[in-house]
Amino acid sequence: MFEEISEEIKNANKIVFVTGAGISQESGIPTFRGKDGLWRKYDAMQLATIDAFHANPKLVWEWYNERRMNIFAAKPNNGHEAIAELENYIDVVVLTQNIDGLHQRAGSSKVFELHGSIVRIKCTVCDYQNDVITNFEQIPPKCICGNMLRPDVVWFGEPLPQNVWRQAMIHASQCDVMVIAGTSLVVSPANTLPIYAKQNNAFLVEINPERTIMTSDMDYSVRDSSARVLPEFLSIFKS
Ligand code: APR
């Protein structure tokens with residue numbers, strides 16, 4: 001695997017990874033749209049929108065609390081760890097749609113969380129925010145100012161954090177190689193990042209057991225899991 005593109009990869013100065021739920025699937029965290037995906041069991045519009053939160057904060061919080069416990073029990077897998085180790089060989093930036101923090105726990109130092117973080121909690125009114133990895137007794141939890149707390153994640157219909165998105169576009173436009181791993185590329189604007197990279201003549205590599213809507217735009221596409229493939233991608237730099 002990768003033999004025919006190893007020169008292209010090794011000659012790169014900067015590699016940007018665009019990752020999605022699939023890269024955490026082998027850490028035991030379900031994807032959204034796969035066969036066992038979360039949106040198969042739950043209605044995204046009932047749980048992952050600002051309106052849903054204000055209509056039924058207790059239900060949304062119960063769902064996020066369940067996901068928080070699952071994510072905190074999960075560990076980075078070989079895919080996360082290979083991306084982190086790659087930093088020893090080349091300039092690596094991770095643009096992730098994931099909110100689980102596993103890239104950071106694996107040791108990646110330049111991670112941009114396009115859709116926020118389930119670890120970070122913020123107040124719905126004041127500017128309080130903090131990383132919280134303990135369980136909340138009271139649901140929905142309240143801020144010291146008396147207002148409701150919420151996960152600092154981007155819900156459907158909400159804008160991405162502007163500073164994060166601006167940085168993501170810049171990194172995507174400056175890379176020689178972009179590796180798109182574990183994402184269906186159906187959610188915008190994250191799914192425009194490969195277009196920014198291509199406009200800068202980047203080499204696009206896709207890692208996904210299934211084809212995606214952008215597979216035909218990729219320069220190289222691997223039908224396999226990221227936990228299996230990314231260590232082989234890393235070994236290109238070790239040989
Ligand atoms: N390795 C690599 N890819 C995998 C693996 C694996 N082991 N298992 C599944 N996949 C692929 C699936 O084939 C699918 O293409 O990961 C992709 C997961 O797609 P989605 O479930 O749509 O997740 P994602 O692309 O991250 O969704 C984007 O949608 O619901 C919102 O905010 C949520 O950030 C999320 C966004």
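So, restricting to strands (runs of 3 or more DSSP E) that lie completely within region 153-239, which ones have at least 1 residues that are of a type in the set (D, E, K, R) and assigned by TED's automatic domain parsing to the domain that holds Ser108?
Answer list for region 153-239: 203-207.
Inspect all residues belonging to region 89-96 and state whether any of them is in a helix (DSSP H, G or I) and open to solvent by 10 Å² or more (accessible area, probe 1.4 Å).
Looking for residues that are in a helix (DSSP H, G or I) and open to solvent by 10 Å² or more (accessible area, probe 1.4 Å), one finds none in region 89-96, hence no.
Return yes or no: is Ile15 outside any loop (DSSP other than H, G, I, E, B), in the same structural domain as Ala82 (by TED's automatic domain parsing), of a type in the set (A, V, I, L, M, F, W, C) and more than 16 Å from the ligand (Cβ to nearest atom)?
It is true that Ile15 is outside any loop (DSSP other than H, G, I, E, B), in the same structural domain as Ala82 (by TED's automatic domain parsing), of a type in the set (A, V, I, L, M, F, W, C) and more than 16 Å from the ligand (Cβ to nearest atom).
Can you tell me which residues in region 147-180 are touching a residue at least 12 places away in the same chain (Cβ under 8 Å) and charged (D, E, K, R)?
Arg150, Asp152, Glu158, Asp176
Under 6 Å between Cβ atoms, at least 6 apart or on separate chains: pull out the pairs that start in region 6-30 with a residue that is open to solvent by less than 10 Å² (accessible area, probe 1.4 Å) and end on any residue that is part of a helix (DSSP H, G or I).
Correct list of pairs: Ile9/Ile236; Val16/His171; Val16/Ala172; Phe17/Ile83; Val18/Leu193; Ile23/Gly79; Ile23/Ser226; Ser24/Leu102.
Check off (1) outside the structural domain of Ala48 (by TED's automatic domain parsing); (2) free of Cβ contacts under 8 Å to residues at least 40 places away in the same chain for Ile144 and give me the number that stays unchecked.
Condition (1) is where Ile144 drops out.
Looking only at region 181-194, decide whether some residue is without any contact (Cβ under 8 Å) to a residue 40 or more places away in the chain, under 27 Å from Ile50 (Cβ atoms), open to solvent by 70 Å² or more (accessible area, probe 1.4 Å) and within 13 Å of the ligand (Cβ to nearest atom).
Checked region 181-194: at least one residue is without any contact (Cβ under 8 Å) to a residue 40 or more places away in the chain, under 27 Å from Ile50 (Cβ atoms), open to solvent by 70 Å² or more (accessible area, probe 1.4 Å) and within 13 Å of the ligand (Cβ to nearest atom).
Among what's in region 217-233 and is out of contact with any helix residue (DSSP H, G or I) (no Cβ under 7 Å at 6 or more places or on another chain) and more than 26 Å from Tyr196 (Cβ to Cβ), pick the residue that is least open to solvent (accessible area, probe 1.4 Å).
It comes out as Glu232.
What's the total number of residues in region 43-78 that are in contact with a strand residue (DSSP E or B) (Cβ under 7 Å, 6 or more places away or on another chain) and either outside any helix (DSSP H, G or I) or among the small types (Gly, Ala, Ser) (or both)?
Qualifying residue count for the region: 3.
So Glu206 ticks every box in (1) closer than 13 Å to Val18 by Cα; (2) more than 10 Å from the ligand (Cβ to nearest atom); (3) in contact with a helix residue (DSSP H, G or I) (Cβ under 8 Å, 6 or more places away or on another chain); (4) not β-branched (Val, Ile, Thr) but one. Which box is left unticked?
(2)
The values are calculated or read from the model by the stated rules, or taken from the named source; none is laboratory data. Quick caveat, the model's predicted, so the values are computed rather than measured. Glycine gets a Cβ as well: all are built from the backbone with ideal geometry, and neighbour counts include every protein chain shown. Accessible surface is based on the protein model in full, side chains and every heavy atom, while ligands, DNA and RNA are left aside. Shrake-Rupley method; radii C 1.70, N 1.55, O 1.52, S 1.80 Å.
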